[in-house]
Amino acid sequence: MDYIGERLLPGQLGHLFIILSLVASLVATVAYFKATTVKIQEDKDSWKRLARIAFITEAFSVFAVVGLIVYINFNHLFEYQYAWKHTSRSLETKYLLACTWEGQEGSFLLWSFWHCVLGLVVIKNSRQWETPVMTVVSFAQLILATLVTGLYFFGEKIGSNPFALLRNETAGPIFSRPDYLSFIKDGNDLNPLLQNYWMTIHPPVLFLGFASTLFPFAFAFAGLWTKKYGEWTKAALPWALFSAAALGTGVMMGGMWAYESLTFGGYWAWDPVENASMVPWLTMVAGIHTLLIFKHTGRALKPTFLFFIFSFGLILYSTFLTRTGILGDTSVHAFTGEGNSLLYHLLVFMGFMLIPAFVLFFQNSRYIPTVRQEESASSREFWMFIGSLVLFLAGLVIIGKTSVPVFNKIFGTNIAAPEDVEFAYNRVQIFVAIVIGALTAVSQYLKYRETSKSFFWKKILYPTIIAAVIASLILAFGNIDYDKKGLGFLIAIWIAIVSSIYAAIANLLYIWIGMKGKLKLSGASIAHFGFSLMLAGILISSSKKEILSHNTSGIYVPLGEANNKITGDPGENLTLVKGIPMDMGKYLVTYQSDSSHPQKPLWFYRIHFKSKDGKEEFTLTPNAFVNYKGNDGLMASPDSRHYWDHDIFTYITSLRNPELVKDTTTFRNRELKVGDSVFYSSGFMVLEKITTKDSLPEELFGAGGALYEAHIKVHSKNNTSYTSIPKLAIAKGNFLAVPDTVTSENLVLKLNKVTGNHVELGIRETDSILEYVTLKAYKFPFIRILWLGVIVMVTGLIISIVRRNELNKLARQGEILEFSKQQNL
């Protein structure tokens, strides 16, 4: 059957390039393996040439596949399931790129894309390490390629192809028709939580970090394989530094996305997906420090091998956690999984990569150079190793807690998550922050191998005094009084803040004390300074986080069980009635207006803040998807006001359904005379007086026209009173009632009839008149210290990468010169 309107060429090309990438990666793996293992130089060169051709072909194929996916998404080719599933015609152009990596297939291809880019860099620069390292990289690419093939072997589907046609993957009577595309008016759209500009840059950077961890692993594997146990470290160090920079940036970009798009009430909530990304970074940083120990002292080579193996292994494990659906509903942004096929596929990926690495490590363990003599406790390497071990153990604690759903599934247990998940992590990691902060402060002031007391105290004295003064001032006047978890936890926070301030001051001053102000040589100090700022920013912003939205309106809106994680204590959510200023700390806050997206159930709410002293005012526009794609409820995105020393962070926690505002209530008529009272569901009202206006414009009211006004006092249950004045006009012989609304009480009052001092009053109670939103608002003090710390830390790592590459280049030039001299002899 010929299907009308289908554009099959992009899919056919996509299939071709996927198969080509699979075959090319297999050829590259075999050729690089042979180039590493054969003894004859001519054969080595021949295999290397073939391997390079194959890998470049593979890279071209992956680039082409990614480009074709971008093409079908941007052109809304809904005959392809991937485009239909992840895009829509109403989606803004700036978010269409994010559709490329929203799905499983696209994100695996993004991972593979970065492997190709970095692999080409290895081919260009790594010389003697190219063949063993690229054997590992090509093999990883081979496995990744199988994840997007969608081929069947022995009746079992392997991977999921992004170019699968919708009619082949979806059941429905319309797909038996040649004109089925005429019935598909739009796609399923991008997940609302991903419709944020951070999602166009956060995933590419994060997956660059993921991909980069393969290369320190590959260098370590190559060192074990070729039995050049220490030589690989010089080439691997810039790669490890790059990996730490890329992965760290990606993780913190995720924190920024969560801060701006999710209702965590912050940037980090120990969500399993966050944890699974951070733990490999901690392990990579530990490996960098042990590698530096080896470089300067010959110690800690075995732990360096293990840290780099574990770092990449944890990337694979994090992929397993977040892609297979095994986390269930414990994460707000894990993939839902695609059944056992993907689960087993990723287990095979982990096994094929990690088992050979561990086998090689244990086979070669006794040959790996070690220094038998114990380190001095006054040496830099001793405390660097302690710090590395603390980082690794901290990561194990985090990944252990995150893996509870896996343990439950494997062992049939039913271990429940703690009631307060964040505190379960924080009460352990606060002590890690204390130890790491202190070690970051003092380690650089120690010498390798041994340090005299006089030297150490001479160097560290001034940083210690300055840090003590600054930390004392912060604790004395900073109002850091977070006491929700008891005095013990508060004291731990104080110590951690002191530790982070000490680390920041000590590393900043070391640039001049130890490095004489030479920034090109101070990459480590700059990175440590940035990391210390991150710690200080996290501790201060979190411990001083202040809830602004205490319920001062007296209006209670049921928030529902499902919203508990978002809303927290109902008393911390302020309901704003449209047009009525509400008290929120130093501000008067008004729900001014709302607007909707022209093509989707996305509503924007204008919330105006005005300080009570009149010196400051601003408007925030948090938004929410309402009943999106048949899902009842709202999916809210925050909005923030940024200051140099704090942020005001807001998001919607409840609102009336703007799509279902239908009023089916009727007026209840009551006969009243002046002084009479009548009850309604939330209080009572009293008819105080009736006034009449006779001198009215004759052209509007005619001869004998009149206007009656009933003055009614409304008393609510919460001791608030309101005045309502419904009117009845007699104009040219016609009776026209002008109702009055008491918005906060959901009341509409209508004057139907006036006879002397008696009236007939219509009373209607309805939810449809109360336009409201319920808001949660926080104040985050000094959160910009955290973001500044990330930038400074990454800058320091980049400086270190440049420095290491320069040193490696000089070393190669020296080797070439020495080789030339020997040849001349």
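General remarks:
- Condition met for Glu374 (acidic (Asp, Glu) and either under 21 Å from the mean Cα position of the chain (by Cα) or at pLDDT 95 or above (or both)): no
- Any chance Tyr482 is in contact with a Ser or Thr (Cβ under 7 Å, 6 or more places away or on another chain), closer than 19 Å to Ile783 by Cβ, of a type in the set (Ser, Thr, Tyr) and not in a helix (DSSP H, G or I): yes
- Some residue of segment 56-78 being of a type in the set (A, V, I, L, M, F, W, C) and not in a helix (DSSP H, G or I): yes
- Yes/no for Thr440 being assigned to a loop (DSSP other than H, G, I, E, B) and open to solvent by less than 30 Å² (accessible area, probe 1.4 Å): no
- Exactly one residue out of Glu58, Glu130, Glu102, Glu42 is within 28 Å of Phe219 (Cα to Cα), among the acidic types (Asp, Glu) and at pLDDT below 95, and it is Glu42.
- Residue pairs whose Cβ atoms lie under 9 Å apart, sitting 6 or more positions apart in sequence or on different chains, and linking a residue in segment 233-258 that is farther than 23 Å from Thr297 by Cα to a partner that is among the basic types (Lys, Arg), do not occur here.
- Number of the condition not met by Ala416 [criteria: (1) open to solvent by less than 70 Å² (accessible area, probe 1.4 Å); (2) in a loop (DSSP other than H, G, I, E, B); (3) more than 21 Å from Met515 (Cβ to Cβ)]: (1)
- Conditions (1) open to solvent by less than 60 Å² (accessible area, probe 1.4 Å); (2) among the aromatic types (Phe, Trp, Tyr); (3) under 15 Å from Ile495 (Cβ atoms): number failed by Tyr425: (3)
- Options Lys713, Lys689; residue that is open to solvent by 60 Å² or more (accessible area, probe 1.4 Å) and not in a loop (DSSP other than H, G, I, E, B): Lys689
- Every pair of residues 6+ apart whose Cβ atoms lie under 7 Å, when the first sits in segment 298-324 and is over 19 Å from Phe210 (Cα atoms) and in contact (Cβ under 8 Å) with a residue 40 or more places away in the chain while the second is outside any helix (DSSP H, G or I) and among the hydrophobic types (A, V, I, L, M, F, W, C): Gly298/Val371; Arg299/Val371; Leu301/Ile368; Lys302/Ile368
- Unmet criterion (only one of (1) more than 15 Å from Met384 (Cα to Cα); (2) aromatic (Phe, Trp, Tyr); (3) in a helix (DSSP H, G or I)) for Phe294: (1)
- Check on Glu450, open to solvent by 60 Å² or more (accessible area, probe 1.4 Å) and in a loop (DSSP other than H, G, I, E, B): yes
- Options Ile398, Ile460, Ile466; residue that is closer than 21 Å to Trp281 by Cα and crowded, with 16+ Cβ neighbours inside 10 Å: Ile398
- Scanning segment 716-751 for residues that are in contact with a Phe, Trp or Tyr (Cβ under 8 Å, 6 or more places away or on another chain) and open to solvent by 40 Å² or more (accessible area, probe 1.4 Å) returns Lys727, Lys732, Lys750.
- For segment 746-760, the criterion of being more than 30 Å from Tyr587 (Cα to Cα), in a strand (DSSP E or B) and of a type in the set (Gly, Ala, Ser) is met by none of the residues.
- Identity of the residue in segment 115-128, touching a helix residue (DSSP H, G or I) at 6+ places or on another chain (Cβ under 7 Å) and surrounded by fewer than 22 Cβ atoms within 10 Å (Cβ to Cβ), that ends up farthest from Phe183 (Cα to Cα): Ser126
- The lone exception for Phe679 - which of (1) within 29 Å of His597 (Cβ to Cβ); (2) loosely packed, with under 12 Cβ neighbours inside 10 Å it fails: (1)
- From the options Leu50, Leu26, Leu22, residue that is part of a helix (DSSP H, G or I), open to solvent by 70 Å² or more (accessible area, probe 1.4 Å), in contact (Cβ under 8 Å) with a residue 40 or more places away in the chain and not charged (D, E, K, R): Leu26
- Residues within segment 636-667 that are at pLDDT 90 or above and among the basic types (Lys, Arg), tallied: 1
- Subset tally (residues that are assigned to a strand (DSSP E or B), small (Gly, Ala, Ser) and over 15 Å from Met685 (Cβ atoms)) for segment 718-745: 3
- One residue from Ile158, Ile174, Ile184, Ile143 being modelled with pLDDT of 85 or more and open to solvent by 30 Å² or more (accessible area, probe 1.4 Å): Ile174
- Test: residue in segment 75-89 that is β-branched (Val, Ile, Thr) and open to solvent by 30 Å² or more (accessible area, probe 1.4 Å): no
- Among the residues of segment 401-413, those identified as assigned to a loop (DSSP other than H, G, I, E, B) and open to solvent by 30 Å² or more (accessible area, probe 1.4 Å) are Gly412, Thr413.
- One residue alone among Trp270, Trp281, Trp225 is open to solvent by 20 Å² or more (accessible area, probe 1.4 Å), modelled with pLDDT of 95 or more and closer than 24 Å to Arg323 by Cα, and that residue is Trp281.
- From the options Ile480, Ile470, residue that is without any contact (Cβ under 8 Å) to a residue 40 or more places away in the chain and within 33 Å of the chain's Cα centre (by Cα): Ile470
- Subset of segment 470-479 [surrounded by 12 or more Cβ atoms within 10 Å (Cβ to Cβ) and part of a helix (DSSP H, G or I)]: Ile470, Ala471, Ser472, Ile474, Leu475
- Every residue from segment 292-306 that is under 17 Å from Trp383 (Cβ atoms) and either more than 30 Å from the chain's Cα centre (by Cα) or open to solvent by 10 Å² or more (accessible area, probe 1.4 Å) (or both): Leu292, Ile293, Phe294, Lys295, His296, Thr297, Arg299, Ala300, Pro303
- Selection of first residues in segment 671-691 that are β-branched (Val, Ile, Thr) and of second residues that are modelled with pLDDT of 95 or more and exposed (fewer than 12 other Cβ atoms within 10 Å of the Cβ), restricted to Cβ pairs under 7 Å at least 6 apart or on distinct chains, gives an empty result.
The values are calculated or read from the model by the stated rules, or taken from the named source; none is laboratory data. Remember, it's a predicted structure, so these values are computed and weren't measured experimentally. Glycine also receives a Cβ, built like all others from the backbone with ideal geometry; neighbour counts cover every protein chain displayed. The area values use the complete protein model at the heavy-atom level, side chains included, leaving out ligands, DNA and RNA. Shrake-Rupley method; radii C 1.70, N 1.55, O 1.52, S 1.80 Å.
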